[in-house]
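Before any comments, here is the structure.
Values in this text are rule-based calculations from the coordinates and carry no lab data. Being a predicted model, the structure only gives us computed values, none of them experimental. Neighbour counts are summed over all protein chains in view; Cβ atoms, including those assigned to glycine, are modelled from backbone coordinates with ideal geometry.
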Protein chains: 2
Amino acid sequence: MINATADERNVTTPMAGRSSSLAAAEGKALAPRRTRNKPEERHKEFVRKAIELFAEVGFEAGTRELAQRLGVTQPLLYRYFPSKDDLIAAVYQEIYVNRWKPQWREGLLDESRPIRERIVAFYEDYAGTIFTPEWIRIYLFAGLRGVDINRRYATTVEEQILRPITLATRTSFGLGGGEPPTPEEVELFWTLQGGIFYYGVREIVYRFPMPVDRPTMIRNAVDTFLTGVGPVLKRLAERGDAPA
Amino acid sequence: MINATADERNVTTPMAGRSSSLAAAEGKALAPRRTRNKPEERHKEFVRKAIELFAEVGFEAGTRELAQRLGVTQPLLYRYFPSKDDLIAAVYQEIYVNRWKPQWREGLLDESRPIRERIVAFYEDYAGTIFTPEWIRIYLFAGLRGVDINRRYATTVEEQILRPITLATRTSFGLGGGEPPTPEEVELFWTLQGGIFYYGVREIVYRFPMPVDRPTMIRNAVDTFLTGVGPVLKRLAERGDAPA
DNA sequence: GATGTTATTTATCGAACGATAATTAAATAA
DNA sequence: TTATTTAATTATCGTTCGATAAATAACATC
């Protein structure tokens, strides 16, 4: 199922550039290169490559494969991360915490610009951030694994993005004052969010041919949504969530 | 990571109901139960349980775990499936081919009912079919694995569902004749499809609390979409896909 | 009841996995 | 230069995995 390139069999190989000195010409074992790096840089380097590998294969990717890509031996990983799960946790932190931009929320709340412009600008920047194999694939791997990364991230999206959008949209339609959005209202905006997110899943995970480019898709989706959401918001506000 | 319940150590155990006769009271090895089933039933039974297991754990679920749940020994699986991948293929067939309903397309094309009613009815039935852990989780597992199940399924969705919906909607708005839908038009309906699908992902994969029930979500999403899509379709039709 | 077929189990192989202990050598300080 | 520290490697353990070969026992046929 995996390569195992016959070059180096079962034994753990150091590798990464045979010692440029023509040292061991005997052909047996090449002198292993041993470059000593600062722990801080190594830590970052390990996480960076781990993101790459996990995005490709998933979390069942072997630590030996990761070490090989880094040009180090497998046990070295355990000097920097007590266990594989700790490495995975560092990956989560890097992607889903460090890449979150507070200006997303701020931009959406900037009432000096029309609501459509704010929403389109947000989704263009948001798509530019998360429509990468690392972000989307690892996000789905994590979700299927059952870690609560996704629940927590979805909570953040709802609080920092969807509720502000909902309120701003309601305001722009002259509906309701400052009451918090109802679940039905927020759910409406989840549908838009999910529709745009799923564009990325089709493109990056399924590798489905995407004849419509991102900005066009976003513009049309937001236009359709904003045109249609007015009456629905009005209806929801009028009957105060009473069922038909 | 897995249980390994101390009861049965490394050795492959037959199991499944100790022989109800109080046979081996010596405590050592229980007489293994050997019931002989018809190959046809076994095949179905294996696929059924495999779906259950793969939905929980993913395709890296062990064949031993599957055998244990079936109450048989692990090598028996290889009498019915040449390899694990063949078992997985049977799982795909069962879920994504056998569960497809041709009446979805037919119902969407039934011009005797209003377009909104057709679309809402379709999504309610569609959600009832695919919003299960087996369907959604295995679908995402397959997508991340790189098999082309998802590309093929998405093609079917586009051809059997989204293009009919697009044409029917265009007709109901009095726009365009029988020309095939443009990619931009189809992409609009992909956004609705993705938005609704992602509701299922949040509910079933992320286990996000869902305060709005499915029928309400579907009704509001379709209402918003159908209200807003008219002007956008009109704009797309008028300028013949020329960029702004 | 004897015989033949085959569903099922027992036993086992080789590879890959996560992780640990002991050893080696590169950088730093004396 | 020599001594100290520790980054990095070598070697290896115990498990689990997918898969195969051989032995066994349940059912069908005569």
Original post:
Tell me, how many Å apart are the Cα centres for segment A:91-123 and for segment B:155-227?
Top reply: 26
Original post:
Near B:H43, within a Cβ-to-Cβ distance under 13 Å, what is the net charge of the other residues, with Lys and Arg +1 and Asp and Glu -1?
Top reply: +1
Original post:
Along each of its three principal axes, how wide is the spread of alpha-carbon positions in segment B:100-233, in whole angstrom units, largest first?
Top reply: 41, 34, 26
**OP:** Count neighbours as other Cβ atoms within 10 Å of each site's Cβ, and list the trypsin sites (Lys or Arg not before Pro) in segment B:170-244 that are DSSP loop with at most 11 such neighbours.
**Re:** B:R239
**OP:** Assuming a ≥ b ≥ c are the square roots of the Cα gyration tensor eigenvalues, decide whether segment B:44-183 counts as rounded (a/c under 1.5), prolate (otherwise, with a/b larger than b/c) or oblate.
**Re:** prolate
Original post:
In chain B, which residue puts its Cβ closest to the axis that turns chain B onto chain A, and how many whole Å away is it?
Top reply: B:G228, 1
Subject >> segment B:85-137: chymotrypsin sites (Phe, Trp or Tyr not before Pro) in DSSP loop, at most 13 other beta carbons within 10 Å >> reply: none
Original post:
Name the chymotrypsin sites (Phe, Trp or Tyr not before Pro) in segment A:170-236 that are in a loop by DSSP and that have at most 14 other C-beta atoms within 10 Å, would you?
Top reply: none
Original post:
Kirkwood hydrodynamic radius of segment A:87-137 from all distinct Cα pairs, in Å?
Top reply: 12.2
Original post:
By its C-alpha gyration tensor, with a ≥ b ≥ c as the square roots of the eigenvalues, how is segment A:39-95 shaped: rounded for a/c under 1.5, else prolate for a/b larger than b/c, else oblate?
Top reply: rounded
**OP:** Kindly give the distances from B:P209 to its copy-mates, label point to label point, with each label point 7 Å from Cα along Cα→Cβ, as nm values to one decimal ordered shortest first.
**Re:** 4.6
Subject >> Net charge over other residues, Cβ less than 12 angstrom from the Cβ of B:E111 (K, R count +1; D, E count -1) >> reply: -1
Original post:
Using a label position 7 Å from Cα in the Cα→Cβ direction, what is the ascending list of nm distances from A:L76 to the same site in the other copies?
Top reply: 4.9
**OP:** Run through the other copies and list how far each one's label point is from that of B:G128, in nm with one decimal, shortest first; the point sits 7 Å from Cα along Cα-Cβ.
**Re:** 4.5
